[in-house]
Structure formats: structure tokens, C-alpha cells
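Report on the structure given below.
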Amino acid sequence: MLPVARWIMRGTPQAVAGAAAATLVPWLFWLGAAIAGLVTLRRGLAPALPVIVAAAVPAGWWWTRGDVIPLACILLVTLMAVVLRSRLRWSETLIVGALAGAAMIQLGIFVPPGGTGPLLEQLRQGSPEFASMLDELSRQGLETERLAEMLIGGVTGLIVLLASVACLALARSWQAGLYNPGGFREEFQALRLVPRELLVLMAFLVIGTVLVLPGLGLMLWVPLLVAGIALVHGVIGLKGMNGLWLVAFYVLLITTWPMILIVLLAALIDAFADIRGRLGRSD
């Protein structure tokens, strides 16, 4: 897709047209978000505003149609691109993105228009088992609509954050491909949470638990997951292993929950042990 990025960076009119067209097409919002991220990374927030607005306007129209995901993704990508451009640290960028995603969940922007009541009623009518489960939850004193809002909002917010990270990575890879070949690979393989950043994550998790903010608990493990994925990339790169190892890794990551836990644990250990640094010195 590098030719697309090269055409986008020829000028603001091309970037505006590309961002608007991509966001207007269903399920291509990720391309519009990546375009906005690329221009923000390369030129900064102020010069990128026309492109961001061009992507946000069609996304706002989708929001009025009941789909908030495109607009939320564009806003998150833009925010993280600004942080990455100024701080040059993926770890800080991911933490800021996770906090912003948690705030979106707590604000309820991912809850369906009209609430979850109509959806629960449809499910109740279509499934006697589901209806009995809702009745049992109600007898236990739980608010089923509130639980449904937390579930739908949390899952949607998590998908939006992961998609936004992927869009930002795509934008960064475009930037590297155009102006610094090989730079993104080196940058991503070096991604690692340092102990103070890990402590920040833990502090926000405690705050979320004390203040009953489930959005924080759902989102703050994403930086650790991405750091674990970067660790795997870095180790495979350092050892010169075949790319099929990465394919196998992603298949296991997508299909098995234990693999996710292993990756999180590896990132946690790496924050203190610097596994890639040790491997580099041993070689």
C-alpha cells in the first residue's frame, strides 16, 4: 500500500480526498484513520487538521446512523499520532490511547442509541434460555441493562483501541517506507514498557478498581499486550528466525487464550529484565 501513501503525501488535496473517500465507504474507515495518522505524524497536528476534519465528517455522519466506531477510531489514531510524534515512544503512546479509550467507555459513547433495553428484549423473545438467565440475574439484584451496557461498551471500546493501534502502526510503517526505510521495524521491535510506565498502568488499574471504573481494567492491558507482541518480533529478528514463526505466533495468539496470557506475562517480565538487551549482549 506504499504507492497509496506516496500519492497521499503529494499534497493536502490528495490527503483530504483520500481520507474523506475512505471514511465514507463502509468498513474502510481504518484507511481514512491511517491517512489522518500518517499526515499527523509527518506534518504535525495543525497542518493535518484539514485531513482530520475530512475523515471526521463522514465518520460523524456514520455516528448519526448509529455507528460510532469510525469516528472514535479516527480520534484515537489522531491523539496517539500526536503523542508519538512529540514523545517518540510507543509505550507512552499506547498508555495515552488506552486511557482515552477507557474514558470513551465510561462516557458511554459505545452504548447503542436508545440503550440496551430494546436489544435485551429482542434476545429475551428469541431465546428462552437467555430470558431465564436474565430473570436469574434480576433475582440476584443485578441490573441487566447496566451489565449489558458495560459488556457492549467494553467489548466495542476494546475493538476500537486495537483497531486504532493497528491503524497507527500502518501509518507509521508508511512514514518509514517513504522517508526512513526499515525504521518502523527497528522501532517496533524495540518497543518495551519500562518499570515506571508499568507502575503507571498498575496505579490506574488500582484507581479503576477503587472507583469502580471498568473501562480502565478493560483497556490498560492493551499496552502490555502490544509490548509482548513487540518482544516476540524483536526476539525473532535478533535470532534471524524464519518468518513462519511469526505466522504461527499470530495464529496461536488469535485462537488461544493461554497464548495471550503468556504474551502478557512475557511483557511484564521484559519490563524489568530487558530480554532483548540481554540477548543482544550474549550474541
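The values are calculated or read from the model by the stated rules, or taken from the named source; none is laboratory data. This is a predicted model, so every value here is computed, not measured. Don't worry about glycine lacking a Cβ; one is built from the backbone with ideal geometry, like all the others, and counts go over all protein chains shown. All accessible areas refer to the heavy atoms of the entire protein, side chains included, with ligands and DNA or RNA removed. Shrake-Rupley method; radii C 1.70, N 1.55, O 1.52, S 1.80 Å.
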Of the criteria (1) surrounded by 12 or more Cβ atoms within 10 Å (Cβ to Cβ); (2) part of a helix (DSSP H, G or I), which one Glu136 fails:
(1)
If Ala271 satisfies all but one of (1) out of contact with any Leu (no Cβ under 6 Å at 6 or more places or on another chain); (2) closer than 22 Å to Leu88 by Cβ; (3) hydrophobic (A, V, I, L, M, F, W, C), what's the number of the condition it fails?
(1)
Does Leu218 meet the test of being within 16 Å of the chain's Cα centre (by Cα), open to solvent by 40 Å² or more (accessible area, probe 1.4 Å) and not polar (S, T, N, Q)?
yes
Of everything in the stretch 87-111, what is in contact (Cβ under 8 Å) with a residue 60 or more places away in the chain, open to solvent by 40 Å² or more (accessible area, probe 1.4 Å) and hydrophobic (A, V, I, L, M, F, W, C)? Give them in sequence order.
Leu99, Ala103
Can you tell me which residues in the stretch 144-177 are more than 16 Å from Pro70 (Cβ to Cβ), of a type outside the set (A, V, I, L, M, F, W, C) and modelled with pLDDT of 75 or more?
Glu145, Arg146, Glu149, Gly153, Gly154, Arg172, Ser173, Gln175, Gly177
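Within the stretch 26-37, is even one residue in contact with a Gly (Cβ under 7 Å, 6 or more places away or on another chain) and within 30 Å of Arg196 (Cβ to Cβ)?
No, the stretch 26-37 has no match at all.
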Selected residue [hydrophobic (A, V, I, L, M, F, W, C), assigned to a helix (DSSP H, G or I), open to solvent by 60 Å² or more (accessible area, probe 1.4 Å) and at pLDDT 95 or above] from Leu71, Leu49, Leu84
Leu49
Taking the condition among the hydrophobic types (A, V, I, L, M, F, W, C), part of a helix (DSSP H, G or I), at pLDDT below 75 and open to solvent by less than 40 Å² (accessible area, probe 1.4 Å), does Leu119 pass?
no
Here's a check for you: in the stretch 166-201, which residue that is of a type in the set (D, E, K, R) and in a helix (DSSP H, G or I) is most open to solvent (accessible area, probe 1.4 Å)?
Arg185
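Tell me, which residue of the stretch 253-283 that is among the aliphatic types (A, V, I, L, M) and open to solvent by 80 Å² or more (accessible area, probe 1.4 Å) is farthest from Leu191 (Cα to Cα)?
Going through the qualifying residues, I end up with Ile254.
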So Leu205 fits all but one of (1) open to solvent by 40 Å² or more (accessible area, probe 1.4 Å); (2) modelled with pLDDT of 95 or more; what number is the exception?
(2)
